[in-house]
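Single-structure report; data block below.
Each value in this text was obtained by applying a stated rule to the coordinates, not by laboratory testing. All values derive from a computational prediction rather than experimental measurement. A quick note on method: Cβ atoms are made from the backbone with ideal geometry, for glycine too, and the neighbour counts reach across all protein chains shown.
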2 protein chains.
Amino acid sequence: MLLANADIDTSEALTERQKAVLDAALRLLVEEGDHLTMTAVAGRASCSKETLYKWFGDRDGLLTATVQWQASKVRVAQVDGKGLDLASLAASLERFASDWLKVISSDTSIALNRVAVGHAGSGKDNLGAVVLENGRFALAKRLKPVLEAGRHAGLLDFADAETAFRTFFGLVARDVQIRLLLGDRLELTEATIGGDAARATQQFLALYGAKPGRGL
Amino acid sequence: MLLANADIDTSEALTERQKAVLDAALRLLVEEGDHLTMTAVAGRASCSKETLYKWFGDRDGLLTATVQWQASKVRVAQVDGKGLDLASLAASLERFASDWLKVISSDTSIALNRVAVGHAGSGKDNLGAVVLENGRFALAKRLKPVLEAGRHAGLLDFADAETAFRTFFGLVARDVQIRLLLGDRLELTEATIGGDAARATQQFLALYGAKPGRGL
DNA sequence: GCCGAACCGTAACGTACGGTACGGCTCGCC
DNA sequence: GGCGAGCCGTACCGTACGTTACGGTTCGGC
């Protein structure tokens with residue numbers, strides 16, 4: 001398993017001022033990508049470089065703190081499955097799908113993922129792990145209970161929740177994230193996202209919906 | 001539509017020596033990611049920096065040439081659908097899925113995509129477009145005729161080939177590519193890839209296989 | 001055998017940027 | 001009112017690297 005404990009609450013004693021600085025860094029990250037310089041961050045945040053280095057150690061530390069700071073904010077909404085029937089299950093799934101599509105198509109997410117991908121493999125920091133843990137893995141942690149509840153209520157039929165989740169993930173995200181990361185202009189309007197979420201949900205239910213006498 | 005014409009044959013008059021240099025650059029790219037320096041490439045390729053600049057203009061030119069050089073090599077195998085029945089269609093799809101998984105999990109593809117993602121949004125070059133065109137879009141171009149053939153043979157039922165393709169793409173790739181790009185250690189053995197390809201194919205056929213009286 | 005073109009190896013230049021140092025300001029505290 | 005901590009602004013340092021320049025070598029053509 002990659003990554004030690006990147007999902008522990010990461011707002012570890014950040015002062016308001018520090019959060020403001022990280023917000024500035026984040027904005028700059030969205031605008032300039034990995035090109036941001038310490039000087040630019042200091043300028044944008046109206047703080048001195050000395051402070052930056054005192055608070056965050058070095059450039060990587062600042063980057064990591066920024067990514068964690070944002071990552072801790074983007075958790076997809078919790079949806080719990082009380083009184084589950086097929087309609088509410090479908091609604092929950094659709095909600096997850098829609099939220100997820102909105103997240104991965106947001107400027108912030110794209111910028112963060114770009115930086116994290118760029119840094120992955122250089123071993124220097126673990127931005128990739130942070131992003132992964134707060135993105136894909138956090139989503140799984142939220143969604144799996146819903147799937148389990150659906151199975152328990154006899155609405156879903158699957159052997160392995162992980163596999164089912166990954167299928168759902170694939171049906172929702174398809175080629176969207178990689179295309180956006182690679183710079184493809186993919187206009188995702190509210191409407192398209194809604195349609196895609198509904199389609200993905202229907203397809204998932206077609207594959208995993210419990211129908212008497214069904215394999216796979 | 002993003003990207004002008006990155007899929008025109010890109011081996012445009014490259015001498016053997018130049019190809020060798022690009023291969024060296026490619027190896028370095030896999031090893032060091034975007035950290036590669038002109039000096040390092042020159043060293044690895046046993047050529048002078050002057051030559052590098054003469055041939056490729058500048059660093060971005062070298063990077064672009066390297067990416068194009070590799071991209072032009074990784075096309076997934078052509079599969080044409082002659083005498084189509086359900087078994088051969090499934091076999092074709094499975095083959096595509098398997099090939100694609102092998103591609104996106106290869107060191108080279110990961111390195112290339114990382115660099116391209118890192119450069120996307122900086123506007124400076126269009127590595128992202130090149131990778132996209134030779135990856136996801138090339139795959140679509142190869143696969144769609146198969147899907148159309150399947151539909152024509154009454155084996156598949158879909159309204160829009162693009163949508164069907166994207167669903168297949170999602171079922172095959174799921175979270176694999178983004179996890180790999182973000183540095184997750186995801187062991188993809190020959191066996192898992194085979195299994196995933198089969199599963200994705202079965203799921204796709206379950207969704208789009210022509211059965212009398214089926215909507216969606 | 002001579003010439004020029006292409007290329008190698010290396011040295012040199014300029015700059016951008018990470019990181020550090022320091023003087024001055026503000027402000028809570030005694 | 002004095003004092004020290006924390007921070008701002010800025011100047012400064014060192015280095016890595018993109019880019020250029022140049023002397024030396026190889027080699028095909030005459």
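How large is ³J(HN,Hα), in whole Hz, for each residue of segment A:37-47 in order, when computed from phi with the Karplus curve 6.51 cos²θ - 1.76 cosθ + 1.60 and θ = phi - 60°, using x for Gly and Pro?
10, 4, 4, 5, 4, 4, x, 4, 8, 6, 9
In whole percent, what relative contact order does chain B give with Cα contacts below 8 Å and a gap of six or more residues? It would help to have the intermediate numbers written out before the result.
Numbers: 205 pairs, mean separation 49.9, N = 216.
Averaging sequence separation for qualifying contacts and normalising by length gives 23 percent for chain B.
Quick check on segment B:16-71: take the gyration tensor over C-alpha atoms, sort the square-rooted eigenvalues as a ≥ b ≥ c, and tell me if it's rounded (a/c under 1.5), prolate or oblate.
Rounded.
Quick one: grab the alpha carbon gyration tensor of the protein assembly as shown, order the square roots of its eigenvalues as a ≥ b ≥ c, and give me rounded if a/c is under 1.5, else prolate or oblate depending on whether a/b is larger than b/c. Walk me through the numbers before you get to the answer.
Numbers: a/c = 2.23, a/b = 1.18, b/c = 1.89.
The shape class here is oblate.
About its Cα centre, how strong a charge dipole does segment A:34-155 have in debye, to the nearest 20, once Lys and Arg get +1 and Asp and Glu get -1 at the Cβ? Kindly include the intermediate steps, with their values, before the conclusion.
Values: 16 positive and 12 negative charges, 18 e Å.
For this selection, approximately 80 debye.
So what J values fall out for segment B:183-199 if you push phi through Karplus, 6.51 cos²θ - 1.76 cosθ + 1.60 with θ = phi - 60°, rounded to Hz, Gly and Pro as x?
Here the 3J(HN,Hα) series is x, 5, 7, 10, 6, 10, 7, 3, 5, 4, 4, x, x, 5, 4, 5, 4 Hz.
Å³ per residue of the Cα convex hull, for segment A:105-167? Can you show the working numbers first?
Numbers: hull volume 6.2 nm³, N = 63.
Normalising the Cα hull of segment A:105-167 by residue number yields 98 Å³.
Label position 7 Å from Cα toward Cβ: report the copy-to-copy distances for B:THR108 in nm, one decimal, ordered from shortest.
From this label point to the equivalent ones elsewhere in the assembly: 3.9 nm.
Quick check: pseudo-label points 7 Å beyond the Cα along Cα→Cβ at A:GLU190 and A:ARG59, how many nm apart are they?
Inter-label distance under the simple model: 4.1 nm.
Shortest first and in nm with one decimal, please list how far the A:THR51 label point sits from its counterparts in the other copies (point 7 Å along Cα→Cβ).
Relative to the other copies, A:THR51 has label-point distances of 5.3 nm.
Check the straight Cα-Cα distances from B:LYS49 and name the lysines below 21 Å, setting aside those fewer than 8 residues away within the same chain.
Hits, sequence-local ones excluded: B:LYS19.
Long-range amide H contacts for A:LEU156: which residues qualify at under 5 Å (H placed 1.01 Å from N, peptide plane, sequence gap of 5 or more or a different chain)?
Residues meeting the criterion, in which the H sits 1.01 Å from N, are A:ARG151, A:ALA210.
Give, as a single signed number, the net charge of other residues whose beta carbon lies under 13 Å from the beta carbon of B:GLU32, with Lys and Arg counted +1 and Asp and Glu -1.
+1
Mind checking which of A:PHE204, A:SER48, A:LEU127 is farthest towards the positive end of the protein assembly as shown's charge dipole, using Cβ charges of +1 (Lys, Arg) and -1 (Asp, Glu) about the Cα centre?
With unit charges placed on the Cβ atoms, the residue in question is A:PHE204.
Separation of segment B:144-179 and segment A:106-175 by C-alpha centroid, Å?
When both Cα centres are located, 22 Å separates them.
Output the direction-averaged projected area (hull surface divided by four) of the convex hull of the alpha-carbon atoms of chain A, in nm².
On the way: hull surface 53.4 nm².
Projected area, direction-averaged: 13.3 nm².
For segment B:86-208, what class follows from the C-alpha gyration tensor (a ≥ b ≥ c being the square roots of its eigenvalues): rounded when a/c is under 1.5, otherwise prolate if a/b is larger than b/c, else oblate? Let's see the in-between values first.
Values: a/c = 2.62, a/b = 1.52, b/c = 1.73.
It is oblate, given that a/c is not under 1.5 and a/b is not larger than b/c.
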